[in-house]
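Report on the following structure.
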Amino acid sequence: MSTVFVVFYRNMNLGHQNSPDRAALEDALREAGASFVRSFQTNGTVLVKVGDEDPREVVDRAAPRLTAVSGYKDAAIVRPVDHLETILDRNPFAGSTDERTYRETFTFFDGDHDFGAPVPWTNRRGDVDIIEFSQGVALGVIRKTGSRVGNPTAELEARLGVPATTRTAGTIRRLLKASR
């Protein structure tokens, strides 16, 4: 049985300008070699199976089609579903939230990067806490201060200098349930 992966597309909003619709996204990945594709929600989160092939190669082959049909040409980050299950099984957010918590988050990025500061870490505004950082995933807690909500994607991109994309822990939980 092939492993299930998740593709996290950065800045994709299905059906909006410079983003494909659901059918075009799923078709591009199937034509690129995925044996199973299921777009999850509208935020560019996709479950895929690719057999014995490298999922990154499938995603890379789908990219020109996505650009041709919609203009989309941003980053796509691939993670195995099993890795996300392992993270959630540890209950990593326990003890990191309080009454100010707005969302628990997963921010994904590619490459082996050093965060450059001790973790846990809080940004200057106090609206983003990074509680774990490893293997291309930063776990965070965001807070709402006034009408402003913390932005872990912007914080990570500024620190690391690479594209990143964030999903809530609730989205990851629902995604894992859908992957079964």
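Tabulated values for the structure
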| item | result |
| --- | --- |
| Solvent exposure of region 74-161 as accessible area per residue, Å², 1.4 Å probe | 51 Å² |
| For region 89-180, Kirkwood radius (reciprocal of mean inverse C-alpha pair distance, Å) | 13.5 Å |
| Where labels lie 7 Å past Cα in the beta-carbon direction, separation of ARG22 and SER96 in nm | 3.1 nm |
| Tail fraction, Cα-Cα pairs, region 3-100, threshold 23 Å, whole percent | 29 percent |
| For the chain, built as a Gaussian network whose Cα springs stay under 10 Å, the top-fluctuating residue of ALA117, ALA23, ALA154 | ALA117 |
| Only Lys, Arg (+1) and Asp, Glu (-1) charged, at Cβ; region 97-169 dipole about Cα centre in debye | 400 debye |
| Integer Hz, Karplus 6.51/-1.76/1.60 couplings in order for region 92-97, x for Gly and Pro | x, 8, 4, x, 9, 10 |
| Region 128-180-region 49-72 distance, computed between alpha-carbon centres (Å) | 24 Å |
| Carbon plus sulfur fraction of accessible area for region 1-156, probe 1.4 Å, in percent | 44 percent |
| Fully extended contour minus Cα-Cα distance, from ARG61 to GLN135, at 0.36 nm per residue | 24.2 nm |
| Per-selection Rg to Rh, the chain - Cα, Kirkwood hydrodynamic radius | 0.97 |
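The values are calculated or read from the model by the stated rules, or taken from the named source; none is laboratory data. Computed from a predicted model, the values in this text were never measured in an experiment. Please note: Cβ atoms are built from the backbone with ideal geometry, for glycine as well, and neighbour counts cover all protein chains shown. Protein only, heavy atoms only, side chains kept; ligands, DNA and RNA dropped before computing areas. Shrake-Rupley method; radii C 1.70, N 1.55, O 1.52, S 1.80 Å.
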